[in-house]
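Data first, discussion second: the structure below is written as structure tokens.
Please treat every number below as a calculation from the coordinates, not as lab data. Note that the coordinates shown come from a computational prediction; the quantities given were computed from them, not determined experimentally. Cβ: placed from backbone, ideal geometry, glycine included. Neighbour counts: every protein chain shown.
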Amino acid sequence: GTKTPIQVQENQTVLSEQKVAPTEVKPVEKPKEIKRTDLKIRVENGNGVPGSAGKLKLYLEGFGYTVVTVGNSDRTDYIKTTIKLPKDLAGYKDLLTNDLKTNYSVEIISVGAEFADYDILVIAGLN
């Protein structure tokens, strides 16, 4: 009679292994858990208008983003507000676009490499 309980335990093990399978799918679902507070953003002035990076910083912080640094871009001819987004953070694309599009024309540039001191670079353009 001891063989029967062992078989039941084996069946339970099989069932629990089947339950493990959905957690392997979870990384696909992760973008739903996107939090603005998880991002470290650098804001740069890319239009030459004094104060526009600071204004954009306050705008982003109003949504709950974390802006870690502000500075000037190496260019001052950005027309659109440009987001340089590493490929592994592509899940944030729609969130950032929707948050910014009320006040800014947004262009997303996907970059292969990650930045050292921040996650995403947002460059204030003229629009």
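Here are the numbers for this structure:
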{"read-out": "Whether the stretch 30-127 is rounded, prolate or oblate, judged on the alpha carbon gyration tensor where a/c under 1.5 counts as rounded", "value": "prolate"}
{"read-out": "Neighbour net charge for D117 - beta-carbon separation under 15 angstrom, K R +1, D E -1", "value": "0"}
{"read-out": "Surrounding net charge for E107, when Lys and Arg each add one and Asp and Glu each subtract one, Cβ distance under 15 Å", "value": "+1"}
{"read-out": "Among I34, I123, I79 - extreme Cα towards positive end, dipole of the stretch 33-127, charges at beta-carbon", "value": "I79"}
